[in-house]
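Structure first, commentary second.
The values are calculated or read from the model by the stated rules, or taken from the named source; none is laboratory data. Quick caveat, the model's predicted, so the values are computed rather than measured. FYI the Cβ positions are ideal-geometry reconstructions off the backbone, even for glycines, and counts take in every protein chain you see. Keep in mind that these areas ignore ligands, DNA and RNA; they rest on the heavy atoms of the full protein, side chains included. Shrake-Rupley method; radii C 1.70, N 1.55, O 1.52, S 1.80 Å.
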Amino acid sequence: MTSKNNLRDVFPSLRTLALVGLQSTQNLMHRHPRRVSAAVLALLAGSAMTAFGVAPLTVLPSAPPPTITQVSEAVPLSELAGQLVQLDAQSLALYRTDVTRPNDTVDTLLNRLGINDPQAAYFLRHDPIGQTLLLKRTGKMIKVVSDNGRLRELVARGPAEASAQVDTLFTRLTVTRDASGALAAHTEQAPLLATSQLASGTIASSLYAAADDAHVPDAITNQIAEIFSNDIDFRRELRKGDAFSVLYEAHTADGEPITWGGSSGRVLAARFINKDKTHDAVWFQEPGRKGAYYDLNGRGKTRAFLASPLAFSRVTSGFAMRFHPLLQRWKAHLGTDYGAPTGTAVRTVGDGRVSFAGQQNGYGNVIQIQHSGDRLTVYAHLSRINVRPGQTVEQGQLIGAVGATGWATGPHLHFEFRIKGHHVDPMIIARASESTQLSPLALAQFRQMAVTVAQRLDTAGQQQLAGAHSSQRFE
Ligand SMILES: [Zn+2]
């Protein structure tokens, strides 16, 4: 099922968003009607339609005007096939996009892009600029124009050359073919733009699969899980049919959201519908205070305790969690076990002071943190301890790493929450714990903005439903 439905509009900056609200951007919304064209191109190449784009490249002055083929939506597939034969007889410029992968070679990349051009392959292997194409190869965005497998133009967009500039610039490598057939390459640094993206998805198998379908980057999905972690237990409470909409900041290179890591933006607003219950979150920064997420009534979503000592991620989401597994030989074993690979970061769920950090029988390497109100948390079987007894820690601070020390059959985090010495369910505690509040003045301001944001998230949800229907005829 395809659930991508990006509405894209330009925000000058996040700060402006907070000040003026979202009203001014409404007119700029537009859909990208790529679906039909993409399906046609997919037929041509016999490949996944998500690998294609039909937006024009940054066409250089020297490049010949490309032939752009449009096919109307009403044409059934069998007739399209006939048209494609005709189109093929003419010179058909094919636009294709892809992203470089860790093991890519010039050949595997060109092959995926539908390029069968030994001259281009030779050029990319030997030209001093051309051969930088696959340097730092993961996640570069590639667009090519080809005709009958012959490369006309290739543009690769990747991280800035200077690591200090990865949040502001990107590298644009362009390979062009002139009238005589000779290839040339040049490279330049160009500015990234901050934009906002609106996306939505429906859970069919997992949160990350739905996010992939909606082309939402992992960094944003992780934030969504974190924002709603006190409302929804993403390990146990997700249901098929749950849905989300998210408005997030994204950096774009020549209008395309960047695919390389390192400078993912922030979630500006999100909605999660879990078991028919709707949860909303909007980022808001009250002057003079730290920014935070609030529900539509202005109640803070940040609590005194995190719901989980492990950040939810694509890696940790695949592991089971279990309560109070009583091993006969270890009577004291009461708590929550989080399966996770050795080395996964462990964070303290609340502000406090380290009351123990060292080895204990059964627990292995273990940290205890004392919080206000006679509340104590325990983190056991660690492979690494990053804190010392007596040290004060802040909520979310990394204190160690998952391991299998002590009585553990495999790597996992054993976590306990005790109030006055009694074990309690950490999720219940997190949900009931203290939350941040807006001042009355900020609250009035916030509510105005929240109305507009809610409308945007509504739109995203509706578009998503419509998109799911219209895409089905091609699948
Ligand atoms: Zn345990």
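Per-structure values
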quantity: The range 398-432 - residue that is open to solvent by 30 Å² or more (accessible area, probe 1.4 Å) and in a strand (DSSP E or B) and, of those, nearest to the ligand (Cβ to nearest atom); calculated: His423
quantity: Sole residue being open to solvent by less than 30 Å² (accessible area, probe 1.4 Å), under 30 Å from Gly158 (Cα atoms) and in a strand (DSSP E or B), chosen from Ala281, Ala270; calculated: Ala270
quantity: Residue within the range 378-386 that is in contact with a strand residue (DSSP E or B) (Cβ under 6 Å, 6 or more places away or on another chain), within 16 Å of the ligand (Cβ to nearest atom) and either aromatic (Phe, Trp, Tyr) or open to solvent by 40 Å² or more (accessible area, probe 1.4 Å) (or both) present; calculated: yes
quantity: Members of the range 230-263 that are of a type in the set (Gly, Ala, Ser) and either more than 13 Å from the chain's Cα centre (by Cα) or at pLDDT 90 or above (or both); calculated: Gly241, Ala243, Ser245, Ala253, Gly255
quantity: Close pairs from the range 124-137: first closer than 12 Å to Val99 by Cα and touching a residue at least 40 places away in the same chain (Cβ under 8 Å), partner open to solvent by less than 50 Å² (accessible area, probe 1.4 Å) and small (Gly, Ala, Ser), Cβ under 7 Å, at least 6 apart; calculated: Leu133/Ala156
quantity: Condition broken by Thr174, with the remaining ones in (1) modelled with pLDDT under 95; (2) surrounded by 18 or more Cβ atoms within 10 Å (Cβ to Cβ) satisfied; calculated: (1)
quantity: Strands (runs of 3 or more DSSP E) wholly inside the range 299-377 containing at least 2 residues that are over 22 Å from Ala219 (Cβ atoms), at pLDDT 95 or above and more than 16 Å from the ligand (Cβ to nearest atom); calculated: 352-360, 364-371
quantity: Ile232 being open to solvent by less than 40 Å² (accessible area, probe 1.4 Å) and of a type in the set (A, V, I, L, M, F, W, C); calculated: yes
quantity: Matching option when the condition is assigned by TED's automatic domain parsing to the domain that holds Val453 and without any contact (Cβ under 8 Å) to a residue 60 or more places away in the chain, among Ser180, Ser205; calculated: Ser205
quantity: Enumeration of residues in the range 434-445 that are touching a residue at least 24 places away in the same chain (Cβ under 8 Å) and either within 16 Å of the ligand (Cβ to nearest atom) or surrounded by fewer than 19 Cβ atoms within 10 Å (Cβ to Cβ) (or both); calculated: Glu434, Ser435, Thr436, Gln437, Ser439, Ala442, Leu443
quantity: One residue from Gln448, Gln462 being at pLDDT below 85, more than 14 Å from the ligand (Cβ to nearest atom) and open to solvent by 70 Å² or more (accessible area, probe 1.4 Å); calculated: Gln462
quantity: Count of residues meeting criterion [at pLDDT 90 or above and either touching a Leu at 6+ places or on another chain (Cβ under 8 Å) or open to solvent by less than 10 Å² (accessible area, probe 1.4 Å) (or both)] in the range 215-229; calculated: 6
quantity: Condition check for Gly288: open to solvent by 30 Å² or more (accessible area, probe 1.4 Å), at pLDDT below 75 and more than 16 Å from the ligand (Cβ to nearest atom); calculated: no
quantity: Some residue of the range 378-395 being out of contact with any Gly (no Cβ under 9 Å at 6 or more places or on another chain), at pLDDT below 85 and farther than 20 Å from Trp283 by Cβ; calculated: no
quantity: Unmet requirement for Ala253, which otherwise passes all of (1) in contact with a Phe, Trp or Tyr (Cβ under 6 Å, 6 or more places away or on another chain); (2) within 21 Å of Arg299 (Cα to Cα); (3) of a type in the set (A, V, I, L, M, F, W, C); calculated: (2)
